[in-house]
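The structure appears below as structure tokens.
Just so it is clear, none of the values below were taken in a lab; they were calculated from the coordinates. Small disclaimer: the values here were computed from a predicted structure and weren't measured. As a convention, Cβ positions derive from the backbone with ideal geometry for all residues, glycine included, and neighbour counts pool all protein chains shown.
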Amino acid sequence: MNIVLYTRRGALSFMVTPEKITIVVEDEGQGIPDIDLAMQEGYSTASREIQEMGFGAGMGLPNIKRNADELEINSVVGVGTTVRFTVKI
Ligand SMILES: Nc1ncnc2c1ncn2[C@@H]1O[C@H](COP(=O)(O)OP(=O)(O)OP(=O)(O)O)[C@@H](O)[C@H]1O
Ligand SMILES: [Mg+2]
């Protein structure tokens, strides 16, 4: 959903092995200026319109962190963001 809400375009890749699932979410867009802030529960820049659609609780990234075994976020402001996470099976 973050691709739809905050970026111009993006792509999801899934790599599945018997040991783990790796998901890579790569986008072109505004980027995340402060990743530590974006990781805080409840932090969101979602507009009222986005909130009215049921998004914008500021829980997406913290929930990925809680449920994934590994999480890596790389972002360049004005260029885009890559979120990569792994779940061990
Ligand atoms: N791919 C992205 N590109 C630019 N900004 C992003 C991206 N992903 C997250 N953000 C920023 O980080 C904030 C927190 O993201 P997060 O997914 O945790 O919460 P949310 O999308 O605001 O709400 P929820 O996921 O609960 O619907 C967003 O509000 C937005 O400002
Ligand atoms: Mg989100």
Candidate set: the range 2-23, residues that are touching a helix residue (DSSP H, G or I) at 6+ places or on another chain (Cβ under 7 Å) and outside any strand (DSSP E or B); chosen: the one nearest to ligand 1 (Cβ to nearest atom): Asn2
Evaluation of Glu26 against (1) part of a strand (DSSP E or B); (2) touching a residue at least 12 places away in the same chain (Cβ under 8 Å); (3) loosely packed, with under 13 Cβ neighbours inside 10 Å (one fails), failing number: (3)
Top-ranked residue in the range 39-71 [being more than 13 Å from ligand 2 (Cβ to nearest atom) and under 17 Å from Thr22 (Cβ atoms); ranked as surrounded by the most Cβ atoms within 10 Å (Cβ to Cβ)]: Ala68
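For the range 33-53, what are the residues that are of a type in the set (A, V, I, L, M) and farther than 15 Å from Phe85 by Cβ? Give the steps one after another, and end with the answer.
Step one: filter the range 33-53 for residues of a type in the set (A, V, I, L, M), giving 35, 37-39, 46, 50, 53.
Leu37, Ala46, Ile50, Met53 - these are the residues of the range 33-53 that are of a type in the set (A, V, I, L, M) and farther than 15 Å from Phe85 by Cβ.
Within the range 32-58, which residues are assigned to a loop (DSSP other than H, G, I, E, B) and within 6 Å of ligand 1 (Cβ to nearest atom)? Spell out how you get there, then give the answer.
Initial filter on the range 32-58 (assigned to a loop (DSSP other than H, G, I, E, B)): 32-34, 39-47, 53-58.
Hits for the range 32-58 are Ile32, Tyr43, Ser44, Thr45, Ala46, Phe55, Gly56, Ala57, Gly58.
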Pair list, Cβ under 8 Å, 6 or more apart: the range 1-20 residue farther than 19 Å from Gly56 by Cα, other residue part of a loop (DSSP other than H, G, I, E, B) and away from ligand 1 (no atom under 11 Å from the Cβ): Pro18/Ile89; Glu19/Ile89; Lys20/Asp69; Lys20/Ile89
